[in-house]
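Visitor: One structure, as C-alpha cells, below. Some questions next.
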Amino acid sequence: MIKHWKRLGLVTGLSLTLVAAGCGADEEGEEGADGDNGDAEETEENGEDADADEDGEAAADYGEEVDYTITGIDGGAGVVQSTEDAIEDYELDEWNVQTSSDAAMIQELDNAYQNEEPIFLTGWTPHWKFQEYDLEILDDPELSYGEAESIHTIAREGLEEDDSDAFQIIDSFEWEESDMEEVMLEIQDDVDEAEAAQNWIDENDDMVSEWTDGVDENAGEGETISLSLVAWDTEIASTNVLAQVLESVGYDVEMNQVEANYVFASVADGDADASTAVWLPHTHADYHEDYQDEYEDLGPNLEEGAQLGLTVPAYMDIESIEDLQEE
Ligand code: PBE
C-alpha cells in the first residue's frame, strides 16, 4: 500500500491525487436488471429507509447516489492515501477520492447531513465532527486505514543543544483525546484559535506546569520558535496550545501552515523547529521513513487515541467498506 505514496516526495500532493475524472455511474446502469433482488425500494417494513433493504443493495445505491465519490481533504493527507489504498484493497474500481480541505469536506458533510443524503468522508478521530454530527467509521477488515495510532512530536536536530528550555516544553507536551477535542470544539464554535488554546491551558494548569517545570518565566527572551502544521483541525488545536505555552515563557512563536510533506521536510531541513502533526505508525509512515534520520522523533503527544477510517453519517445503512463491493 505504501508504494505510490513515495512518489509524492516533495512535490505537492494536491495535484497528484486521483480524481478519476468523469468516472461515475454510467456503466453500472443495469443493476435494475439483476433479477430477484428487484424491488428493494418498495418493500420496506419500516418505510423510513426506502433504499436500505440489505447492506449490499443499499450500498450499491449509495455508490450511484454519490457518483462513486468519496469526499476527501488535501491530497497530502495520509487519510486520503489510505482511502486510495482502500479503493485498491477492496477493489472498488469505480470509486474515487475528491480532494479539497478539511474545512471544505466538513461543508459538504453539513450539506448532505441537512438533507439526510449519503456521503462518504475521509474521516479520523479525534475530530469535533464526531461530536457535532452522528457519524460512524466503517469496518475495515483489510486494515487499509491501519489501527489505532498515536500523534508524535518531532523536533529539528540541534534544538535541544540550542535551546534546552524550548526543547523541554516541546518534548513534554502531551495530552489526551478529550483535551484535544475540547480545544477543537471551541474553535469550531468560533472562538479564536489562540484563545481556545489559552482557555484549555487555564483549565489544565497542573498538566501545563509540568511541561514548564523549572523553566524561567522569561526563558524565551523573545527568541523565535517556528512550528510547522497542516490546516487540519487536530493540528491547529495542538499547535496553538504548544504555541501559547511557549509564549507564556517569553518565546515568540511562528506557526507555519504548510502542505503535509513540508511538515516533515521543514523540520528535517531545520527550517522549522518542531511539529506536533506526525501520526504513526500508519498515517505518515512514508513521510516518516523518508525523513526520520534528519529529525528527532520525540514520541507521542497523544497516545493511541487516533484512528483513520472511511466515515459516514449514522443514518446510512452500511457497516463495512466491504459492503461497497458490487456483487
Ligand atoms: N489527518 C489529521 C492527517 C493527520 C492529522 C488525519 C487528516 C492525515 O490524514 O494525514
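The values are calculated or read from the model by the stated rules, or taken from the named source; none is laboratory data. Note that this is a predicted model, so its numbers are computed, not measured. Using ideal geometry, Cβ is built from the backbone for each residue, glycine included, and neighbour counts are taken over all protein chains shown. For the accessible areas, the whole protein counts, side chains as well, though only heavy atoms, and no ligand, DNA or RNA atoms are used. Shrake-Rupley method; radii C 1.70, N 1.55, O 1.52, S 1.80 Å.
Visitor: Normalise the Debye intensity by I(0) for segment 150-304, one equal point scatterer per Cα, no solvent, then take log10 at q = 0.09 Å⁻¹ and round to two decimals.
Guide: Computed log10 I(q)/I(0) values: -0.25.
Visitor: Mind checking Rg over Rh on segment 53-125, alpha carbons, Kirkwood formula for Rh?
Guide: With Rh from the inverse mean 1/r over Cα pairs, Rg/Rh is 0.97.
Visitor: Something else about it: Given the peptides 75-88, 294-307, arrange them by the average over their residues of other C-beta atoms within 10 Å, most packed first.
Guide: Final packing ranking: 75-88, 294-307.
Visitor: Then there's this: Which whole-number value in Å³ per residue fits the convex hull of the alpha carbons of segment 116-221?
Guide: About 151 Å³ per residue, rounded to a whole number.
Visitor: Given a 1.4 angstrom probe, I'd like the percentage of the accessible area of segment 104-158 that is carbon and sulfur, rounded to a whole number.
Guide: Roughly 35 percent, rounded to a whole number.
Visitor: Using Cα-Cα distances under 8 Å and only pairs 6 or more residues apart, what relative contact order does segment 143-237 have, in percent?
Guide: Computed value for segment 143-237: 33 percent relative contact order.
Visitor: Moving on to the next point. Quick check: convex hull over the Cα atoms of segment 220-327, volume per residue in Å³, rounded to an integer?
Guide: Convex hull of Cα atoms, per residue: 135 Å³.
Visitor: Oh, and also: Over the heavy atoms of TRP95, what accessible area does a 1.4 Å probe trace out, to the nearest 10 Å²?
Guide: Here the accessible area works out near 10 Å².
Visitor: Another one. Taking amide H positions as placed 1.01 Å from N in the peptide plane, with prolines and chain starts having none, which residues 5 or more places from GLU223, or on another chain, fall under 5 Å of its amide H?
Guide: It is ASP252, by chain and number.
Visitor: Now for a different question. Near the amide H of GLY305, under 5 Å away, which other amide H atoms are found, from residues 5 or more places off or on another chain, if H is placed in the peptide plane?
Guide: Here ILE151 satisfy the definition.
Visitor: I'd like to compare 117-127, 241-251, 100-110, 162-172: which one has the highest average count of other Cβ atoms within 10 Å, and what's the full order after that?
Guide: 117-127, 241-251, 162-172, 100-110
Visitor: Taking the simple approach of a point 7 Å from Cα along Cα-to-Cβ for both GLN114 and GLU142, what is their distance in nm?
Guide: Distance between label points: 3.5 nm.
Visitor: With all pairs of different alpha carbon atoms counted, what Kirkwood hydrodynamic radius in Å does segment 212-270 show?
Guide: Evaluated over segment 212-270, this radius sits at 12.1 Å.
Visitor: Per the Cauchy relation, a quarter of the hull surface: what is the mean projected area of the convex hull of the alpha carbons in segment 180-237, in nm²?
Guide: Taking the Cα atoms of segment 180-237, their convex hull projects to 4.7 nm² on average.
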